[in-house]
Amino acid sequence: MRRLIRSDVPSAGRCLARAFANDPLMVHLLPNPKRRDRMLLRFCTLIVQHGIRYGQVFGVGDTIHGVAVWLPPAEAQASLTRLLYTGGWRLPFLVGINGTQRMLRFRSFVEQRYRRLVPQPHWLLHMLGVEPEHWGQGLGRELLTDMLPQLDRMQVDCVLETVNPRSAILYERLGFQTIEEIAVPDNDLRCKLMLRRPG
């Protein structure tokens with residue numbers, strides 16, 4: 001595992017796009033299957049760019065088979081100015097107007113609860129994904145178990161969101177607890193907001 005740099009952005013974006021190609025939330029946010037792969041690649045690349053600029057991004061595998069994007073306390077609830085500076089202004093061009101509206105509606109809905117439930121300084125596991133052909137090889141755990149001890153030493157909480165029950169099981173094994181399960185607007189998905197206190 002290594003910390004990624006700007007030259008890794010394209011391959012890390014492709015890795016996350018493959019990891020989330022069939023993710024239920026992404027299918028909801030980007031429902032057009034003919035355009036989803038292209039839009040998801042653009043969106044994941046933006047997430048990696050933002051993470052490298054304002055947080056820490058780690059990858060595993062010689063050609064990057066798994067990626068974790070972490071944001072520190074000051075960036076865990078990124079300001080609009082910073083997101084725009086990173087390239088967020090391109091979001092409607094990356095995922096379309098409808099995709100942008102669905103994403104913003106979902107983010108607004110979740111963040112209302114997020115800010116109320118987790119007002120204290122914390123790190124955010126913004127995105128973690130492993131390419132499907134490498135699932136079950138422990139790469140997700142590897143991406144987590146290097147950073148979490150550092151947060152323990154700093155005595156800082158960590159927060160993440162997931163709609164994937166399988167992922168939630170892994171997070172629970174590493175000390176995360178569900179603090180609220182949120183119904184995704186216009187869908188039957190349930191988003192778990194999970195918190196891990198320092199060990």
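Assorted remarks:
- Any hit, the stretch 155-169, residues being over 21 Å from A183 (Cβ atoms), hydroxyl-bearing (S, T, Y), in contact with a strand residue (DSSP E or B) (Cβ under 7 Å, 6 or more places away or on another chain) and modelled with pLDDT of 80 or more: no
- Taking the criterion of being in contact (Cβ under 8 Å) with a residue 40 or more places away in the chain and either touching a Pro at 6+ places or on another chain (Cβ under 7 Å) or under 14 Å from Q49 (Cα atoms) (or both), the residues of the stretch 1-13 that qualify are R3, L4, I5, R6, D8, V9, S11, A12.
- Within the stretch 21-89, helices (runs of 4 or more DSSP H) holding 2 or more residues that are of a type outside the set (A, V, I, L, M, F, W, C), under 20 Å from L151 (Cβ atoms) and at pLDDT below 80: none
- Hits in the stretch 141-152 (condition: closer than 17 Å to L71 by Cα and either of a type in the set (F, W, Y) or not in a loop (DSSP other than H, G, I, E, B) (or both)): L143, L144, T145, M147, L148, P149, Q150, L151, D152
- Only one entry in Q137, Q120 is assigned to a loop (DSSP other than H, G, I, E, B), farther than 28 Å from S11 by Cβ and out of contact with any helix residue (DSSP H, G or I) (no Cβ under 7 Å at 6 or more places or on another chain), namely Q120.
- Candidates V184, V159, filtered to the one that is under 23 Å from R18 (Cα atoms) and not aromatic (F, W, Y): V184
The values are calculated or read from the model by the stated rules, or taken from the named source; none is laboratory data. None of these values were measured; they are calculated from a predicted model. All Cβ positions, even for glycine, are placed from backbone atoms using ideal geometry, and neighbour counts span all protein chains on display.
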